[in-house]
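Only one structure is covered here, and it is reproduced in the block below.
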Amino acid sequence: PGIFSLAFAERCPAGVVFASDIEPAQLDALAARARQAGLHNIVPVLASLDDPHFPPARLDLVFIADTYHHLENRVDYLQRLAGALAPGGRVVLIDYKPGQLAHGPPPDHKLPAGVMASEMKQAGYVLVESFDTHPEQDFQVWRPATPWEKERR
């Protein structure tokens, strides 16, 4: 648990990493690993299925890896998540591409092509960049749409 949280905390010692999970045992394990590594800038956050429970307007980056397809009511969730972003904040999504792959969940647990992008747009986000660096995963950076971008829709 917390492999990405530990890496972010290590590389940003002056920052704060809010690590969200719906499983208390995962957060306990992360806290133990952080203590063992001497990292004091990780805040475990117990999330619910429909809310990450992050502080409002505080986060510069939200990183969601291999979890997007598990979220329920993703559009609503992402709209709530936008409230946790500081001005200029971004959401990074890494999730498995559709189909049979050597790694990851079975095909029926993955989202069809284009669903993630469609839902992000419905939730009020604009694609900043998409990277083709992961052969089995989509890697995208999103930001909330500005008010004038929302008006054009």
Lysines within cross-link reach of K150: Cα-Cα under 21 Å, excluding same-chain residues under 8 positions apart? K121
Putting +1 on Lys and Arg Cβ atoms and -1 on Asp and Glu Cβ atoms, find which of L59, V16, G88 reaches farthest to the positive end of the dipole of the chain. G88
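About its Cα centre, what dipole magnitude does the range 28-78 give when the only charges are +1 on Lys and Arg Cβ and -1 on Asp and Glu Cβ, stated in debye to the nearest 20?
That gives a dipole near 300 debye.
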In deg cm²/dmol, rounded to the nearest 500, the helical mean residue ellipticity at 222 nm of the chain, built from -39500 (n - 2.57) for every DSSP H run of length 4 or more, is -8500 deg cm²/dmol
Magnitude of the Cβ-charge dipole (Lys and Arg +1, Asp and Glu -1) of the chain about the Cα centre, nearest 20 debye, reported as 420 debye
At 0.36 nm per residue, and after removing the present C-alpha to C-alpha distance, how many nm does the segment from T133 to H109 gain when stretched out fully? 6.4 nm
Accessible surface of the chain, 1.4 Å probe, proportion on carbon and sulfur as whole %: 55 percent
Rounded to the nearest 20 debye, dipole of the range 77-123 from Cβ charges on Lys, Arg, Asp, Glu: 140 debye
Using +1 at the Cβ of each Lys and Arg and -1 at the Cβ of each Asp and Glu in the range 90-153, identify which of Q140, S118, P106 lies farthest towards the dipole's positive end. S118
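The values are calculated or read from the model by the stated rules, or taken from the named source; none is laboratory data. Since this is a predicted model, take the numbers as computed values, not measurements. A quick note on method: Cβ atoms are made from the backbone with ideal geometry, for glycine too, and the neighbour counts reach across all protein chains shown. Surface accessibility is based on the protein's heavy atoms, side chains included, excluding ligands, DNA and RNA. Shrake-Rupley method; radii C 1.70, N 1.55, O 1.52, S 1.80 Å.
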